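Undergrad: I'd like to ask you about the structure that follows.
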Amino acid sequence: MLFNSFSFALFLPVVFALYWFVFNKNHKAQNILLLLSSYFFYACWDWRFLFLLIFSTALDYYSGIRIARATKQKNRKIWFWLSIGINIGFLGVFKYYNFFAENMAALLAQFGMKAHPTLLQVILPVGISFYTFHGLSYVIDVYKNRIKEERNFADYAVFVSFFPLLVAGPIERATHLLPQIKKTRYFDYAYAVSGLRQILWGLFKKIVIADNCAEMANELFNYTSGHNGSALWLGALFFTFQIYGDFSGYSDIALGTARLFGIDLLRNFAYPYFSRDIAEFWRRWHISLSSWFRDYVYIPLGGSKVALWKQIRNTFIIFILSGFWHGAQWTFIAWGVLNALYFMPLLLFRNNRKHIDIVAPNSLFPGFREALSIALTFILTMIAWVFFRAQDMQHAWLYLKGMFSKTIFQVPNIQNMPKALMVLAFIGLFTGIEWLGRRHTFALEGLTKQTKGLQYLIYLTLILVIFVFAGSPQQFIYFQF
Amino acid sequence: MKRFLKHTLWVLLPLIVLAYPLDRWLSARLKQSHTLANGEYLVWNDIYDRQINSELAIYGSSRAWRHFDPQILEDSLGMKAYNLGMDGYGFYLQYMRHLEYLKYNPKPKYIILSLDLFTFEMPKGLYNSGQFIPYMRSSAYMKQYLQPLQGFSVYDYYVPLLRYFGKKTELKEALKIGFKGEQQPALRTRGFAGNPESFNEDFQNAAKMIEKYTVLIDSPCVQLLHRFLSDCKKEDIQVIMVYSPQYTAIKQFLVGKEALVALYQKFAATYQIPFLDYSEDVLCFDQSNFYNTSHMNTKGATLFSQKLAHFLKRNTLLSKNLPVKP
């Protein structure tokens, strides 16, 4: 059940109505409803993996209790590592086993040894990286005494499986979400309207921006050798907006949906393409994952309070892990390494926390230097995305070679140029709206200041644009992770 | 909460109120298109408007509507002919069109079934899906045969306007016709459209990318052909299976054509119907008869239609013992 499907358009009002009109007297009953709805939502993908989700939830729930109850440090450790081991084990089996087996065989072959590893023919359970990270953060927080263990299974299960965030995040923290689940929630008109607005904006990003960009990016990435350098740059640009529209669109729909139920989820994107350096970009892109790695890996490794060479090591570890989290492919690792390399000058010159606030907070346009920094950061990001999108390393090199060839000065040889121009126009319009709304958590949030008539006109225009200019439907990219 | 529901309803109200009339308006305009979807609307309209009163019907894929000129067959055989060739689809959806055709029109005496490499291939998705949009909500057969294929969701068949979602080409065409009327000449005449183009270079480009094409024989399509031929026998409709010419150079890429032809011959023997195989005919060796490897241009189609008509006439179409080879 995709967020942009008619099935979800039926599912959401039904759950909403039951939540606020039938079970509104009792927040525990509301939680049970949310849990059952979330399991139904997940079962629509593949009901068999529902058992894996329930097992993973039960394991972390029980581990949390055993860790808290244990009087001896040894027992705490045993339960902690058991939970971590099984969680990572699931990820290892479903996501990384084939990668390691194939690469080990290739390595052995270098030494003249033949190995024929048994490869698993299993489908990756949707959302496994997301719900595993929910569970991991909870168990680590209980072990580190940052939070109290959760004794109510239903409440804990809603924290892990709440349907808006179940399959593609944001990756929540128990400290943020569990208290909201445990308390009584009241309907708030402004909050719910803001949720609907965010859903609408998310749908526009996904259906109009991402899906149209995907059609163009697919043409250029699937037939790389047939296109000249300028066309390949456009292809990279299309993918840059595809992945942003796709993932941030999904996050907007998730956050907006959660708001309809009176729940606030972690913000996942904060206008990353207006970043002035790569450090700022990573504070604004997939924030819930970046902060997860920061809190659970980077800081425990010493963070920035260790010697410089250790900081460099830690930075590389974080970026490589982040790349590897996306999938068992060398292209994702290369993407992580490249971002770490981008980060190095900032780290070495202690400039990585220079840009904390949004660009040009008090003026309409950025200054010349700021505009230049934004453009440079954007281009570097775009180049890194080539690795992310490429089928393998060979393809990535071929694509980059094409991008930096002399044919960059030719007219782009894109088959469907009128469509490319239309998509570019949408990208321009979208960037403009995002720029104007950059002071808010999402671009349309500022609409509250406008008159009702104008708000109404904007809603209808957006709905019309989505209806007419929808690209051919594409799976959300982050579902595969 | 009341305020929230009221305001949400106000935003959605125009969509809810307008969905049905807008759907009707768009569908009515789109049906008038003479060129979109390779002229398929013209054929569907003739089917649903009960306009096909022909003794001879031609079935098949794009090779049918590009190769078999009903006018030539009509002039030569002295019976009304209509070409129901369906762009881009094998027998699975040709059978659906056959059912719709018989539901609304008098049955023909004869059916020429154009066969090709793709006859038994199940569609992977919906190619040229726009052709179904104006009719799919009211057609039970379309619902039955299109639903297993990816392209439309189950809601598209029931919820007004939903199937127009993101269909820019169809929306643009409907609006254009709505405001200016249809100004293009009809692409097809009684289902047929010749293509005057000479051989294009797509073949060379495709040859670089595709090393081999393996003919697919999907059992649901084979079963449907059995059902179709049995039904025709019961209804006393004479079927003539024809494998129309394909450019000879395509042979180097093909794997499994012999097995396919053998299967066609088996069908012909089982149901005692003629199978005319023109896939090795002399017309296949002249590039000037084609605009690509599997489609004849106007010149080729004229020559082929004349040749076929002459053969059918000489051997008396009504005979059930026509020779297998022309």
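The values are calculated or read from the model by the stated rules, or taken from the named source; none is laboratory data. This one's a predicted model, so the numbers in the text were calculated from it and none came from an experiment. Cβ sites come from the backbone with ideal geometry, for glycine too, and all protein chains shown count toward neighbours. Heads up: the accessible areas ignore ligands, DNA and RNA and are worked out on the full protein's heavy atoms, side chains in. Shrake-Rupley method; radii C 1.70, N 1.55, O 1.52, S 1.80 Å.
Undergrad: Please go through the range A:441-456 and pick out each residue that is open to solvent by 20 Å² or more (accessible area, probe 1.4 Å) and either outside any helix (DSSP H, G or I) or touching an Asp or Glu at 6+ places or on another chain (Cβ under 7 Å) (or both).
TA: Matches in the range A:441-456: A:Thr441, A:Gln450, A:Thr451.
Undergrad: Now a separate question. Within the bounds of the range A:457-472, is there any residue that is surrounded by fewer than 16 Cβ atoms within 10 Å (Cβ to Cβ), in a loop (DSSP other than H, G, I, E, B) and within 14 Å of chain B (Cβ to nearest Cβ)?
TA: Yes, there is a match, as at least one residue in the range A:457-472 is surrounded by fewer than 16 Cβ atoms within 10 Å (Cβ to Cβ), in a loop (DSSP other than H, G, I, E, B) and within 14 Å of chain B (Cβ to nearest Cβ).
Undergrad: So which residues in the range A:196-227 are touching a Phe, Trp or Tyr at 6+ places or on another chain (Cβ under 9 Å) and within 10 Å of another protein chain (Cβ to nearest Cβ)?
TA: Those that are touching a Phe, Trp or Tyr at 6+ places or on another chain (Cβ under 9 Å) and within 10 Å of another protein chain (Cβ to nearest Cβ): A:Leu196, A:Leu200, A:Ile207, A:Val208, A:Asn212.
Undergrad: Does any residue of the range B:60-70 turn out to be assigned to a strand (DSSP E or B) and surrounded by 24 or more Cβ atoms within 10 Å (Cβ to Cβ)?
TA: Taking every residue of the range B:60-70 in turn, none turns out to be assigned to a strand (DSSP E or B) and surrounded by 24 or more Cβ atoms within 10 Å (Cβ to Cβ).
Undergrad: While we're here: Out of all the residues in the range A:398-437, which are among the aromatic types (Phe, Trp, Tyr) and over 14 Å from A:Phe241 (Cα atoms)?
TA: Within the range A:398-437, A:Tyr399, A:Phe404, A:Phe409, A:Trp435 qualify.
Undergrad: Cβ contacts < 6 Å: first residue within 8 Å of chain A (Cβ to nearest Cβ), restricted to the range B:146-164; second residue of a type in the set (D, E, K, R) and in a loop (DSSP other than H, G, I, E, B), any location; separation 6+ or different chain. Result?
TA: none
Undergrad: Checking B:Pro106 against (1) under 17 Å from B:Ile47 (Cα atoms); (2) part of a helix (DSSP H, G or I); (3) open to solvent by 10 Å² or more (accessible area, probe 1.4 Å), which test does it fail?
TA: (2)
Undergrad: Take the residues in the range A:55-74 that are free of Cβ contacts under 8 Å to residues at least 40 places away in the same chain and of a type in the set (A, V, I, L, M, F, W, C); name whichever of them is least open to solvent (accessible area, probe 1.4 Å).
TA: A:Ala70
Undergrad: Identify, please: which residue in the range B:9-37 is away from chain A (no Cβ under 14 Å) and touching a Pro at 6+ places or on another chain (Cβ under 6 Å) and is, among those, most open to solvent (accessible area, probe 1.4 Å)?
TA: Going through the qualifying residues, I end up with B:Tyr20.
Undergrad: Just to be sure before I move on: is A:Ile78 touching an Asp or Glu at 6+ places or on another chain (Cβ under 8 Å) and either open to solvent by less than 20 Å² (accessible area, probe 1.4 Å) or not in a loop (DSSP other than H, G, I, E, B) (or both) in the structure I sent?
TA: No; evaluated as a whole, the condition is false for this residue.
Undergrad: Same structure, new question: What residue, among those in the range A:81-90 that are closer than 15 Å to A:Ser137 by Cα and of a type outside the set (Ser, Thr, Tyr), is surrounded by the most Cβ atoms within 10 Å (Cβ to Cβ)?
TA: Only one residue fits best here, namely A:Asn87.
Undergrad: Which of the following residues is modelled with pLDDT of 95 or more and under 30 Å from B:Val159 (Cα atoms): B:Tyr127, B:Tyr101, B:Tyr82?
TA: Of the residues listed, the single one that is modelled with pLDDT of 95 or more and under 30 Å from B:Val159 (Cα atoms) is B:Tyr101.
Undergrad: Can you pull out the residues in the range A:12-45 that are outside any helix (DSSP H, G or I) and touching a helix residue (DSSP H, G or I) at 6+ places or on another chain (Cβ under 6 Å)?
TA: Of everything in the range A:12-45, just one residue is outside any helix (DSSP H, G or I) and touching a helix residue (DSSP H, G or I) at 6+ places or on another chain (Cβ under 6 Å), namely A:Phe23.
Undergrad: Also, I was wondering about something else. Hey, among A:Gly249, A:Gly245, A:Gly229, A:Gly235, which residue is open to solvent by less than 20 Å² (accessible area, probe 1.4 Å), modelled with pLDDT under 95 and either farther than 30 Å from A:Tyr191 by Cα or not hydrophobic (A, V, I, L, M, F, W, C) (or both)?
TA: Result: A:Gly229 is the single residue among A:Gly249, A:Gly245, A:Gly229, A:Gly235 that is open to solvent by less than 20 Å² (accessible area, probe 1.4 Å), modelled with pLDDT under 95 and either farther than 30 Å from A:Tyr191 by Cα or not hydrophobic (A, V, I, L, M, F, W, C) (or both).
Undergrad: Follow-up. Can you report the number of residues in the range A:350-379 which are over 27 Å from the mean Cα position of the chain (by Cα), part of a loop (DSSP other than H, G, I, E, B) and under 28 Å from A:Thr315 (Cβ atoms)?
TA: Going through the range A:350-379 one residue at a time, the tally reaches 2.
Undergrad: Kindly list the number of the only condition in (1) within 19 Å of B:Leu13 (Cβ to Cβ); (2) more than 13 Å from chain B (Cβ to nearest Cβ) that fails for A:Leu436.
TA: The one condition A:Leu436 does not meet is (1).
Undergrad: Related question: Does A:Arg438 satisfy being modelled with pLDDT under 90, assigned to a loop (DSSP other than H, G, I, E, B), of a type outside the set (Ser, Thr, Tyr) and out of contact with any Ser or Thr (no Cβ under 8 Å at 6 or more places or on another chain)?
TA: no
Undergrad: Specify which of the listed residues (A:Trp397, A:Trp325, A:Trp385) is closer than 30 Å to A:Leu124 by Cα, out of contact with any helix residue (DSSP H, G or I) (no Cβ under 7 Å at 6 or more places or on another chain) and either part of a loop (DSSP other than H, G, I, E, B) or hydrophobic (A, V, I, L, M, F, W, C) (or both).
TA: A:Trp397
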